[in-house]
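Right, one structure below, let's go through it.
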Amino acid sequence: MDKRERARIFRTRLAERMNTTGMSRSALARACGVDRSTIAQLLSEDETRLPNSHLAAECARALGASADWLLGLAERSETAADLLAATFSFTEAERTSADIQIAEWHREAAGYKIRHVPATLPDHLKTEEVLDFEYAAFQAKTPAQAGHASRDLNDWLSRPGSDYEICVPKEQVESLARGEGYWRGLPEDVRRRQIEHMAERCRALYPSLRMYLFDSKTVFSAPVTIFGPLLAVIYIGRYYMVLRETHQIRALTGHFDKLVYDAENDARSTAAIIAGMI
């Protein structure tokens, strides 16, 4: 970029930011540790002067803006820290608060498609007996509370206009059927009822709910939920990683769509496949 054009951009954006923040030339000069005449020269249309790196950084700091933006190197005025805070955050995933937070995210995304890869099986397709088995070890939440939260999500799925896609590793359902791994210790009759219930819900809720089974040996996915174009949430155990930047959400949406593409079944046949695992 020509030096005169960069100086014009810096002058325009500096004046814009000063106007937005209500900072005078004298106040900015004091904050930057320079004479008022120095700031006047930077703002003068007759000047093509650019600040040195130290002064550019001080102006950016004083005005709460990005130095890259002032110099025409970026199109967003927020600092890197502010951008990160706005687009990426951690939310503690304690069972009690997590249910409240999940409900809030669902309300925020009303009218949008939700894409979901659960940590085990989808909570809203679990029986009360399976929730009892899973939540028995958690002191912060009783199985009855977990069941109530699950029913709330199930009611949400039944509302008109609901659009929900779920991808589950086929091995997770197979291990449930065999009582292996995560499901070891869960009685056979309970596992049978869970499979029957999940198959029945997939059948009854189609096409509002579309569930796919993918081979995790072919493609892996961490637990993730994508709430339309608004945000994506990755579950890492104690915390949710919450992403709101558009390109991040698009990348995770592309990842989910690849899971659907690589799935071994279409959503219409999922209920029959799950029932067949009994």
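Among the residues of region 79-101, are any among the small types (Gly, Ala, Ser), in contact with a Ser or Thr (Cβ under 7 Å, 6 or more places away or on another chain) and either modelled with pLDDT of 90 or more or not in a helix (DSSP H, G or I) (or both)?
So far as region 79-101 goes, no, none of its residues is among the small types (Gly, Ala, Ser), in contact with a Ser or Thr (Cβ under 7 Å, 6 or more places away or on another chain) and either modelled with pLDDT of 90 or more or not in a helix (DSSP H, G or I) (or both).
Would a scan of region 111-132 turn up a residue that is on the phi < 0 side of the Ramachandran plot, of a type outside the set (Asp, Glu) and modelled with pLDDT under 75?
No, region 111-132 contains no residue that is on the phi < 0 side of the Ramachandran plot, of a type outside the set (Asp, Glu) and modelled with pLDDT under 75.
Being β-branched (Val, Ile, Thr) and part of a helix (DSSP H, G or I) is the filter here, so list the residues in region 214-256 that pass it.
Those that are β-branched (Val, Ile, Thr) and part of a helix (DSSP H, G or I): 246, 249, 253.
Report yes if residue 193 is closer than 15 Å to residue 125 by Cβ, more than 25 Å from the chain's Cα centre (by Cα) and of a type in the set (Lys, Arg), otherwise no.
yes
Against the conditions (1) in a helix (DSSP H, G or I); (2) in contact (Cβ under 8 Å) with a residue 24 or more places away in the chain; (3) of a type in the set (D, E, K, R), where does residue 189 fall short? Just the number, please.
All conditions pass for residue 189, except number (2).
The values are calculated or read from the model by the stated rules, or taken from the named source; none is laboratory data. Small disclaimer: the values here were computed from a predicted structure and weren't measured. Cβ atoms come from the backbone with ideal geometry, glycine included; neighbour counts cover every protein chain shown.
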